[in-house]
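None of the figures in this text is laboratory data; all of them are computed from the coordinates on show. Computed from a prediction, not measured in an experiment: that's the story for all the values here. Backbone-built Cβ (ideal geometry, glycine too); neighbour counts: all protein chains shown.
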Amino acid sequence: MHRPALLAVLLLLAGCGGSDAPVAPPAAPAPAASATATPAPTATATPRPPARPALCRATRGIEMGTLVDAALDEVSGLVYRGTRYWAVEDSGGPASLFALSGDGVPFGTMALAGAANVDWEDLAAGPGPDSVPSLYVGDIGDNGAVRSDGVQVYRVPTPPAGAIPGSAPAAALTLRYPDGPQDAEALLVDPVRDELVVVTKRALGARVYRGGPQSALAAPGSTVALQDRRRVDLGIVTAGDVSPDGRLVALRSYGTLAVWRRRGDEPLTATLARAATCRAPADLSVEGQGETLALLREGRAAVTLPEGAGATFRIYEPPR
């Protein structure tokens, strides 16, 4: 072959070849995901503990007003509902409920037809039959431990705003302890489980009992067998109350205010069997013989009224 022709053939073969740059090998296929592979951990938020009840920061009682009715000289039960305080007198007093303002001015008196004041020691509020707001009078005092046939609770619908009726029929319920007569000064109505709860008065540890589900709604004349006795770490309990939503419970002695936060819808006997969520720094002994306690503002404040003519209303709440 002539040289020019040979050169042309070589140029043609060069144009058909690839580039001189190195060619990268094909990427290896990704390994198949294992069915048993552990997924990557995901961050979870740490649940924030519930805030301490505001009442835990109550340092002292602020005077609100004094009773102007001299006949009210031994108030043993107090509760707040609507725009009124309701109070009852201790043993020997009338079988009546007294409506009061926070500055001590009386709104009216309502006698409870069919009731007797053997030893009225506390007053509670909660739902009644058909969810009607009701007041519950605790005739539960028994200093001599002689009431072997049981003690009484009187239930009456809470009067609506307006004039106080002069009298109203009361439904009587009998409470019986499983272990004989007990002296008590604290009655609670559980709005979550509709249970009646009684806390006894003992220097070396109170006991708490409950009437069981729906016991607060029992038919008039019923006998409620108290059960589930547990110890409460607060001696000489003189009064107690439950917030309207049932989330907080407070008990007092002559000098101490203790607060418990409820867990879910557990029985209040279980709540009170634990150590208190807090004991407020306030000293309640300065008010005298105090046997009342009424929670306000969903349990963020408490009001007391000691025994004695011209007694003073005090409110315990966090400093502002």
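Rg and Dmax of the stretch 54-316, using alpha carbons, in Å: what are they?
16.4, 45
Give the calculated FRET efficiency between Arg320 and Gln214 to the nearest 0.05, with a Förster radius of 41 Å applied to their Cβ-Cβ distance.
Numbers: r = 41 Å, r/R0 = 0.99.
Taking R0 as 41 Å, the efficiency between Arg320 and Gln214 is 0.50.
Using mean Cβ contacts within 10 Å as the protection proxy, how do 215-221, 233-239, 141-147, 194-200 order, highest first? Don't skip to the end; give the middle numbers.
Details: 215-221: 17.1, 233-239: 21.3, 141-147: 14.4, 194-200: 24.6.
Put in order of decreasing packing, that is 194-200, 233-239, 215-221, 141-147.
About the Cα centre, and with charges only on the beta carbon of Lys, Arg (+1) and Asp, Glu (-1), how big is the dipole of the stretch 134-223? Nearest 20 debye, please.
Values: 8 positive and 9 negative charges, 17 e Å.
In total the dipole reaches around 80 debye.
Of the beta bridges DSSP finds with both residues in the stretch 141-206, what % are antiparallel, to the nearest 5? Write out the running numbers ahead of the final one.
Values: 11 of 11 bridges.
Rounded to the nearest five, the antiparallel share is 100 percent.
Estimate the FRET efficiency between Ala163 and Arg231 by the formula 1/(1 + (r/R0)^6), using the beta-carbon distance for r and 51 Å for R0, to the nearest 0.05.
That gives a FRET efficiency of 0.70.
Quick one: work out the % antiparallel among DSSP beta bridges in the stretch 181-317, nearest 5.
Of the beta bridges lying entirely in the stretch 181-317, close to 100 percent run antiparallel.
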